[in-house]
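Asker: Here it is, the structure, as structure tokens.
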Amino acid sequence: VVVGTSWLNKIGVLVFVIGVALLVGYSMTQLGPAGRVAIGFGISAAMLATGVVLERRDDYRNYAHGLVAGGWAAAYFTAYAMHALPAARLVTSPLGGAICLIAIAAGMIAHSLRYRSQTVTALAYVVAYVTLALTPLSQFSLVASVPLAISLLVVAQRLGWAGISGLGLVSTYGIFMLRGRLFAPGAVDDAGPNGVGTQHRAV
């Protein structure tokens, strides 16, 4: 029963964060970019805070780990959406968008090193990769995968987690393979100067 509950918890976190991603990037058309981003970070902060509090209680530690992982994944996607998705675009500069992603990745590293939980680390990064895979392939989406991959390798090296290193490699390549199936082959969207994407196809 414990094992089943653990898997249900992880699946529930994945589904919930995907819902947050859809909410921030594609839903609630009555809200502007600032409202969407505020909701995304608000949900992320609530998940992280609840997870940190529940983690101190043995009976709820499994749920706490899921909330912490989901909170970081949702925060990473929200930071990504601030530049990559027109509906949530608050940061127009690619450099500014990259800095936001690096800041969230640094937080993920710090939290992973503090808790030293492979479960939390693996779940956080897997959910982050999956949510990125649901967005259109673009130059910035490729850039967004870099902080995830580097931060995951840093954590794995510091804590000696060989399995986590393998997870990083599989997730990085897997996201591109998944996008190749979800989106047109050879299609890459470049954000134009006014934030509108233009699609280029391989001939």
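The values are calculated or read from the model by the stated rules, or taken from the named source; none is laboratory data. As the structure is a prediction and not an experimental result, all values here were calculated from the model. We place every Cβ from the backbone using ideal geometry, glycine too, and count neighbours over all the protein chains shown. Note: areas computed on protein heavy atoms with side chains; ligands, DNA, RNA excluded. Shrake-Rupley method; radii C 1.70, N 1.55, O 1.52, S 1.80 Å.
Asker: Could you please tell me which pairs satisfy a Cβ distance under 9 Å, a separation of 6+ or placement on different chains, a first residue in region 9-36 that is at positive phi, and a second residue that is at pLDDT 85 or above and surrounded by 13 or more Cβ atoms within 10 Å (Cβ to Cβ)?
Answerer: Met28/Gly35; Met28/Arg36; Met28/Ile39; Met28/Ala87
Asker: Which of the following residues is within 24 Å of Ala133 (Cβ to Cβ), open to solvent by 40 Å² or more (accessible area, probe 1.4 Å) and part of a helix (DSSP H, G or I): Phe77, Phe41?
Answerer: Within the list Phe77, Phe41, the selection yields Phe41.
Asker: Suppose we filter region 107-119 for residues that are out of contact with any Ser or Thr (no Cβ under 7 Å at 6 or more places or on another chain) and either assigned to a helix (DSSP H, G or I) or among the small types (Gly, Ala, Ser) (or both); how many remain? If you could, list the steps in order and put the result at the bottom.
Answerer: Just the residues of region 107-119 that are out of contact with any Ser or Thr (no Cβ under 7 Å at 6 or more places or on another chain), to begin with: 107, 110-111, 113-119.
Keeping just the survivors that are either assigned to a helix (DSSP H, G or I) or among the small types (Gly, Ala, Ser) (or both) gives 107, 110-111, 113-115, 117-119.
Count: 9.
Asker: Which condition breaks for Leu152 when tested against (1) exposed (fewer than 15 other Cβ atoms within 10 Å of the Cβ); (2) under 23 Å from Gly96 (Cα atoms)?
Answerer: For Leu152, the failing item is (1).
Asker: Here is a follow-up. Can you name the residue in region 83-99 that is among the hydrophobic types (A, V, I, L, M, F, W, C) and more than 15 Å from Leu142 (Cα to Cα) and is also most open to solvent (accessible area, probe 1.4 Å) among such residues?
Answerer: The residue in question is Leu90.
Asker: List pairs: first residue in region 47-59 and farther than 17 Å from Lys10 by Cβ, second residue open to solvent by 40 Å² or more (accessible area, probe 1.4 Å) and of a type in the set (A, V, I, L, M) anywhere in the structure, Cβ distance under 6 angstrom, at least six positions apart or on different chains.
Answerer: Hits for this filter: zero, empty list.
Asker: Could you please give the count of residues in region 130-147 that are assigned to a helix (DSSP H, G or I) and open to solvent by less than 10 Å² (accessible area, probe 1.4 Å)? Break it down into steps so the answer makes sense when it comes.
Answerer: Residues of region 130-147 that are assigned to a helix (DSSP H, G or I), as a first pass: 130-133, 139-147.
After this cut, where a residue has to be open to solvent by less than 10 Å² (accessible area, probe 1.4 Å) as well, the list is 131-133, 141, 144-145.
Adding up the residues that qualify gives 6.
Asker: Moving on to the next point. When only residues in region 14-33 that are assigned to a helix (DSSP H, G or I) and open to solvent by 60 Å² or more (accessible area, probe 1.4 Å) count, which is nearest to Arg89 (Cα to Cα)? Spell out the reasoning first.
Answerer: Of the residues in region 14-33, the ones assigned to a helix (DSSP H, G or I) are 14-25, 33.
With open to solvent by 60 Å² or more (accessible area, probe 1.4 Å) added as a condition, the list becomes 15-16, 22.
Working: Val15: 24, Phe16: 22, Leu22: 14 Å.
Filtering region 14-33 for residues that are assigned to a helix (DSSP H, G or I) and open to solvent by 60 Å² or more (accessible area, probe 1.4 Å), the one nearest to Arg89 (Cα to Cα) comes out as Leu22.
Asker: While we're on this one: Taking region 52-71 on its own, how many of its residues are closer than 15 Å to Arg116 by Cα and in a helix (DSSP H, G or I)?
Answerer: Qualifying residue count, region 52-71: 8.
Asker: Return the pair list, or none, for Cβ contacts closer than 8 Å from residues in region 153-165 that are of a type in the set (D, E, K, R) to residues that are in a helix (DSSP H, G or I), at least 6 apart or on different chains.
Answerer: Every condition considered, the pairs that remain are Arg158/Leu113.
Asker: Okay, moving on. Being under 20 Å from Leu22 (Cβ atoms) and at pLDDT below 80 is true for just one of Thr135, Thr119, Thr131. Which residue is that?
Answerer: Going through Thr135, Thr119, Thr131 in turn, the sole match is Thr135.
Asker: Return a yes/no flag: does region 139-151 have any residue that is at pLDDT below 75 and of a type in the set (Phe, Trp, Tyr). Quick ask: steps written out before the conclusion?
Answerer: The first filter runs over region 139-151 and keeps only residues at pLDDT below 75, leaving none.
There is no residue in region 139-151 that is at pLDDT below 75 and of a type in the set (Phe, Trp, Tyr).
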